[in-house]
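Visitor: Before I ask anything, let me first share the structure, which is written out below as structure tokens.
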Amino acid sequence: MPSWFSKVFKDKNNAATGTRPPLGGIDVSEDPEPETKPVPEKRRLLVNAPVLEDAVETAAWSADVRIKARVEKDNSACVLMVDRPILEGHSAWFPSKLKAGTSSLAQTLFEIDGVETALIHGFTVTLTRRPTMHGDWKQLAQEAGNAIRAHLIEGLPVVTPEFLDGLPAEDAILTTLKRVLDTEINPSIAAHSGEIALDRVEGNTVYIQMMGGCQGCAASDVTLRQGVHDAFRSAVPQIGAILDNTDHSAGKSPFYKELPVGMS
Amino acid sequence: MPKLNTFDVVIKTGANGPAALPKWAINGFVVEFEQSKGGNGPGETFEGTANPGSFPHSLLIRGPESGQWDIEETKVTYYPNGESPYTVRLGAARLDEESDLNIWHERPQAVFDV
């Protein structure tokens, strides 16, 4: 038994002496009028500090392109983090090789066996793989890393000018996605007291905020990926990264902020 | 979640910090650190070791009894039963008499060079 356990329960039993009814029966002793009413324990707030990650070491431009890979916890994607920007100001999402004609890097990545989608954003490339692919990501990540490294060393453009020319204006993206939220997404998640709002659009990168029942919900990631992503990309196929800007531990009613009375 | 034998915590305090040493809480029970050094006054660093020896569904640093506690950074090293230890670093947080810091985090996903 842990040492803290016996200490805690010894204290609790001591504190309870004289106030607990006898076991197995009705307390027939006189019930003296309490001098003060018991004060219920206040609900306490749970603060979640951001988890700090050791950033990929950035260095002056050199032939040695350093790339690290991290597989998402649910094994759904692999994020390749490069020591220099790959695509600045915009992001590019490619759902298939057929639709990757505006990016030679994406076309190269789709040559790797198993790659299903590719998202290029800032310093990162995020790959998903076909559901039939199992096992660890090491080989796929290694091949993708080699392809990205070779592309950057050759100094090739990541996307064509046509890709950038074909992007809608930020205002147009904002207006369309707001309509999608109002007419499709929010009515369907209202049953869970959830609400999703557009935070901002930068280039073609979309930042959203999840509120109400969505905030802090363990299923919010699934909602985001399976619901919001599909609806947004159907409405505006040119949008790139869709990022959840929600602090899932803050606000007035996050899903897991308040613990039951007595919990700390 | 694995059984957690022991954890070490290092807490760097910023501009505001309480005079009393911090306590930790497991599954709702508030406990003092079994070993500690340093402090959590302004600019100080506190180091503590605790031995939960149990399966936490919540593991917290208790907020101060009064005033504010500005934590600059928290480093927690976990020693799960039968597994290798791991460390998680947490960024800035502000605690008061009605709040606690969540320090229960799973092992971070491994990052590898490609």
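Bear in mind these aren't lab numbers, they're just calculated from the coordinates by the rules spelled out. On a predicted model such as this, the values are computed, not experimentally measured, just so you know. Reconstructed Cβ throughout: ideal geometry from the backbone, glycine too, with neighbour counts over all protein chains shown.
Visitor: Scan the strands (runs of 3 or more DSSP E) fully inside region A:58-146 and keep the ones with 3 or more residues being β-branched (V, I, T) and in contact (Cβ under 8 Å) with a residue 12 or more places away in the chain.
Guide: Per the criteria, A:115-122, A:124-129.
Visitor: While we're on this one: Here is a check on your reading of the model: is B:R107 at the interface with chain A (Cβ under 7 Å from one of its Cβ atoms) and of a type outside the set (S, T, Y)?
Guide: No: the conditions fail for B:R107.
Visitor: If I ask for residues that are without any contact (Cβ under 8 Å) to a residue 40 or more places away in the chain and either within 28 Å of A:L80 (Cβ to Cβ) or of a type outside the set (D, E) (or both), which ones from region B:95-114 would you list?
Guide: Within region B:95-114, B:L95, B:S99, B:H105, B:R107, B:P108, B:Q109, B:A110, B:V111, B:F112, B:D113, B:V114 qualify.
Visitor: Ok, one more. If B:H57 satisfies all but one of (1) surrounded by 14 or more Cβ atoms within 10 Å (Cβ to Cβ); (2) without any contact (Cβ under 8 Å) to a residue 60 or more places away in the chain; (3) within 11 Å of chain A (Cβ to nearest Cβ); (4) not basic (K, R), what's the number of the condition it fails?
Guide: Condition (1) is where B:H57 drops out.
Visitor: Does A:A191 fit the bill of being exposed (fewer than 13 other Cβ atoms within 10 Å of the Cβ), within 20 Å of A:P237 (Cβ to Cβ) and among the aliphatic types (A, V, I, L, M)?
Guide: No, not satisfied.
Visitor: While we're looking at this one, here's another question. Can you say whether B:E73 is in contact (Cβ under 8 Å) with a residue 24 or more places away in the chain, within 12 Å of chain A (Cβ to nearest Cβ), out of contact with any strand residue (DSSP E or B) (no Cβ under 9 Å at 6 or more places or on another chain) and not β-branched (V, I, T), as far as the supplied structure shows?
Guide: It is false that B:E73 is in contact (Cβ under 8 Å) with a residue 24 or more places away in the chain, within 12 Å of chain A (Cβ to nearest Cβ), out of contact with any strand residue (DSSP E or B) (no Cβ under 9 Å at 6 or more places or on another chain) and not β-branched (V, I, T).
Visitor: From the list B:D113, B:D100, pick out the single residue that is surrounded by 17 or more Cβ atoms within 10 Å (Cβ to Cβ), of a type in the set (D, E, K, R) and facing another protein chain (nearest Cβ under 7 Å).
Guide: B:D100
Visitor: Just to check your reading of the model, which residue among B:V31, B:V9 is more than 10 Å from chain A (Cβ to nearest Cβ) and of a type in the set (A, V, I, L, M)?
Guide: B:V9
Visitor: Of the conditions (1) buried (at least 17 other Cβ atoms within 10 Å of the Cβ); (2) over 30 Å from A:V79 (Cα atoms); (3) aliphatic (A, V, I, L, M), B:V9 fails just one. Which one is it?
Guide: Every listed condition holds for B:V9 apart from (2).
Visitor: Continuing with this model, one more query. Considering only residues of region A:147-160 that are surrounded by 19 or more Cβ atoms within 10 Å (Cβ to Cβ) and assigned to a loop (DSSP other than H, G, I, E, B), which is farthest from the other protein chains (Cβ to nearest Cβ)?
Guide: Within region A:147-160, the match that is farthest from the other protein chains (Cβ to nearest Cβ) is A:V159.
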